[in-house]
Each structure stands twice: as C-alpha cells, then as structure tokens.
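Reviewing the structure listed below.
The values are calculated or read from the model by the stated rules, or taken from the named source; none is laboratory data. Note that the structure is a prediction, hence the values are computed from the model and not measured. Cβ coordinates were reconstructed from backbone atoms using ideal geometry, including for glycine residues, and neighbour counts include every protein chain displayed. Just the protein is used for accessible areas: all its heavy atoms, side chains included, with ligands, DNA and RNA removed. Shrake-Rupley method; radii C 1.70, N 1.55, O 1.52, S 1.80 Å.
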Amino acid sequence: MELGEVISLVVAALFVGGLGILIKHFGRVELIAGYDPERVTDEEGLATFIGTNALYVAGLLLLVALVNYTEPMGGQLASLSGPLLIAGTLALAGRMVIGAQRYEQSAES
C-alpha cells in the first residue's frame, strides 16, 4: 500500500478518535447522528457507549494502517485488510445503532 493511503487511514482514525473522545469524555452527545434529547433517558450512558465504539473504529483504522504499512506475511494479510475494515466498521456501526436503543425511551411512551 502506498504511503498516501496509510496516511489517509491515520487521519481518518484521528478524526473518528477525536469524535469518540469528545462524545465519551466530554459528553458531546449532540455529535451523535440522530440524537434526540427528548427521547434519551441516560445521556451519560449513551455518551460512554457511542464514544467507546467510535474509539474502537479508530483503533480498527489504525490497525489496518499499521498492517498495510508493514505488510506482514509478504503482503498477504494486507490484501485482506480492506474487506476486514469494511466488515469491522459495519459490525461496529450496527452495534452502535442497536445498542443505542437501550438509552432511549420508545416512541409510544
């Protein structure tokens, strides 16, 4: 992988990690897409959950950048990093969407 692509992954990790820190440690829940303060019952719990998962995504991005930069196992692992990044990001995003529901009251209430 070219150095420019690795740098792009690191920049993306820093951005997502920065969002995760703002949400988790500074309670900036308004940065969460679809955040509705009228429906959230546990703002602190939501911030911790979403912020932590955003930090997981940032870590995944850094891991993929590292694997692609070092090209272990003759580059064989690097060729799998793209599909693993997509699958991991989708899995974490799904976890965030489904898990965030426990911090909201239902629409019927």
Positive-end extreme of charge dipole, the chain - chosen from SER79, VAL16, PHE26 (charges on Cβ): SER79
Relative contact order for the chain, counting Cα pairs under 8 Å that sit 6 or more residues apart, in percent: 34
Space enclosed by the convex hull of the alpha-carbon atoms of the range 48-109, per residue, Å³: 64
Å² of accessible area per residue within the range 50-109, as computed with a 1.4 Å probe and no ligands counted: 61
Test item: Cα-centred dipole of the range 1-108, Lys/Arg +1 and Asp/Glu -1 on Cβ, debye: 240
Burial ranking of peptide ranges 57-67, 94-104, 33-43, 16-26 (average Cβ count within 10 Å, highest at the top): 57-67, 16-26, 94-104, 33-43
